[in-house]
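Engineer: What follows is a structure written as structure tokens; I'll ask about it next.
The values are calculated or read from the model by the stated rules, or taken from the named source; none is laboratory data. This one's a predicted model, so the numbers in the text were calculated from it and none came from an experiment. So basically every Cβ, Gly included, is an ideal-geometry build from the backbone, and we count neighbours across all protein chains shown. Ligands, DNA and RNA are stripped out before the accessible areas are found, and what is left, the full protein with its side chains, is counted by its heavy atoms. Shrake-Rupley method; radii C 1.70, N 1.55, O 1.52, S 1.80 Å.
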Amino acid sequence: MRIGQPEPKRGNTRLLVVLVALAVILLTLYFREGDSGLLHQARSLTLAASAPIARVGTAITSPVGAAGEFLAGLGTSRERLEALEAQNEELRARLAELEEARQENERLRALVDFAEESNLATLGARVIGRPASTWEGAITIDRGSEDGVEAGMPVMAAQGLVGQVATVSPRAATVRLITDQQSGVAGMVQSSRVLGIVRGSISGALSLDFVDRAQVPKAGDVVITSGLGGVYPKGIVVGDVTSVEDHRGELYPRIALTSRVPIGRIEEVLVLVGSGVGEVTGEIE
Amino acid sequence: MSRAWTTIGALAAALILQVAFAPHMEIFGVSPNIPLLVVITLAIVQGPSAGAVAGFAAGLVLDLIGTGPVGAWALVLSVTGYTTGMLQENMFAEGWLAPVTVAVIAGLLADTFYLIVLTVLGVAPAFWESLVSVVLPAAVYNALLVLLIYPWLARFLRSDRSMKSFRRLA
């Protein structure tokens, strides 16, 4: 009697083909439809449902995170403390100088009746959710369309630019961070006024691309938004140049940036809802 | 019928945990993919068809929660669920090593496949950088979590026979 080889088991291939075809149809629909399309609306509804869950998760885990930060801070050395105190003194002196310059600037602006660019209406929002997937750089905030938030609005923190509103539900919104791989910000080196594009990456690192090789910035230079493209207002701090590599064989130098915003720990943000205060119904801060 | 409800409950719980807690469980820049862990376990204990359907449903919700193209995770998880079920059914290894090996392979395949899908769609980050900074660490992280949750989750999802030990699960 022959003992046959065990027959390899087969699954329901037809079912898999149907599911794959459905997924491909969804992908096609997603790329073809506009922002008001069915799938985008479904995403907005999902955001409305998931925002309270994200809020609960953040509320539950925040004491754990705070305790971790406290424990990490216990190891701060005396040397570091002294260095920070010295830096604080230096910054205070610099602040006084800048205040003087600001007041002078205000007087000059008034003289020439210059449009006040920083007079943008902002809306304070709390961060209630972090990126749900490693592949995405997006946070959830507790302001939505009921507060006047719309897709595409820039979002910033006290330290600089955070990102742009991607999806809006009535009481929550998703903000695509500038460190996300799909983000691109028209940037400018503050000192030399050289233009470039600030791009995020999968690892969350920022780079300044397409900068003219004739005017390569140096480490420590500040990069601000250029205002080109009309998405982000001009003059918001994006980050500081940390390293520059200019190889002869490459078309553009490799410029690495670091955002001043502690994006992984950020708790409050400001949504730039427009230049007119009357345009929004939410609380203006 | 009760098995279907158990499956739906497990997937819903995984998605809730993903939104609420996964972002806060980040280690070395990667967060766990809890729905993926449930889909892998489901496929191992219930077979390729159940794995594919559960993968599609969980993937679709994962797509809608995120900011990436809708349909990408649905595609990846349905194929992952199906492949995992097929691997488990046709693998000659026995004992506890079989589901663990299958789970590790499936975790690695899922993120790699997602990267390939994004590349084909033209919205992918740098391929090698993603492979090193996301795919490999995520595979290790998810594999470790599968080792932790598989025995309990498999017992919960498989109602046809009682299981008293990890060895019997395999």
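Engineer: Inspect all residues belonging to the stretch A:203-219 and state whether any of them is in contact with a Phe, Trp or Tyr (Cβ under 6 Å, 6 or more places away or on another chain), farther than 19 Å from A:Val261 by Cβ and open to solvent by 50 Å² or more (accessible area, probe 1.4 Å).
Structural biologist: Yes, the stretch A:203-219 has at least one match.
Engineer: I've got another one for you. Going through the stretch B:11-42 one residue at a time, which ones are aliphatic (A, V, I, L, M), within 29 Å of B:Met86 (Cβ to Cβ) and open to solvent by less than 10 Å² (accessible area, probe 1.4 Å)?
Structural biologist: The answer is B:Ala14, B:Ala22, B:Val30, B:Leu36, B:Leu37, B:Val38, B:Val39, B:Ile40, B:Leu42.
Engineer: Next up: Evaluate the following for B:Val135: is it β-branched (Val, Ile, Thr), over 29 Å from A:Ala173 (Cβ atoms) and buried (at least 23 other Cβ atoms within 10 Å of the Cβ)? Working first, answer last.
Structural biologist: Details: β-branched (Val, Ile, Thr): yes; over 29 Å from A:Ala173 (Cβ atoms): yes; buried (at least 23 other Cβ atoms within 10 Å of the Cβ): yes.
Against the criterion (β-branched (Val, Ile, Thr), over 29 Å from A:Ala173 (Cβ atoms) and buried (at least 23 other Cβ atoms within 10 Å of the Cβ)), B:Val135 qualifies.
Engineer: If we keep just the residues of the stretch B:66-93 that are of a type in the set (A, V, I, L, M) and open to solvent by 30 Å² or more (accessible area, probe 1.4 Å), which is modelled with the lowest pLDDT? Spell out how you get there, then give the answer.
Structural biologist: Filtering the stretch B:66-93 for residues of a type in the set (A, V, I, L, M) gives B:70, B:72, B:74-77, B:79, B:86-87, B:91, B:93.
Filter again for open to solvent by 30 Å² or more (accessible area, probe 1.4 Å), leaving B:79, B:86-87, B:91, B:93.
Details: B:Val79: 95, B:Met86: 90, B:Leu87: 86, B:Met91: 72, B:Ala93: 61.
Checked the stretch B:66-93; the qualifying residue modelled with the lowest pLDDT is B:Ala93.
Engineer: Here's a follow-up. For the condition over 25 Å from B:Val132 (Cβ atoms) and either more than 7 Å from chain A (Cβ to nearest Cβ) or not hydroxyl-bearing (Ser, Thr, Tyr) (or both), what is the one hit in B:Leu36, B:Leu15?
Structural biologist: Working: B:Leu36 fails: over 25 Å from B:Val132 (Cβ atoms).
Result of the check over B:Leu36, B:Leu15: B:Leu15.
Engineer: Give me a count of the residues in the stretch A:160-187 that are open to solvent by 10 Å² or more (accessible area, probe 1.4 Å) and closer than 12 Å to A:Thr225 by Cα.
Structural biologist: Total meeting the criteria: 2.
Engineer: All but one of (1) more than 13 Å from B:Tyr114 (Cβ to Cβ); (2) at pLDDT 90 or above hold for B:Asp63; which doesn't?
Structural biologist: (1)
Engineer: On to the next question. Which condition number in (1) under 11 Å from the mean Cα position of the chain (by Cα); (2) farther than 18 Å from A:Thr46 by Cβ; (3) touching a residue at least 40 places away in the same chain (Cβ under 8 Å) is the one that B:Leu97 fails?
Structural biologist: The failed condition is (1).
Engineer: What number of residues within the stretch A:110-126 satisfy the criterion of being among the charged types (D, E, K, R), within 25 Å of A:Val271 (Cα to Cα) and at pLDDT below 75?
Structural biologist: 2
Engineer: In the stretch A:5-28, what residues are at pLDDT 80 or above, at the interface with another protein chain (Cβ under 8 Å from one of its Cβ atoms) and surrounded by 13 or more Cβ atoms within 10 Å (Cβ to Cβ)?
Structural biologist: Hits for the stretch A:5-28 are A:Asn12, A:Leu15, A:Leu16, A:Leu19, A:Val20, A:Leu22, A:Ala23, A:Val24, A:Leu26, A:Leu27.
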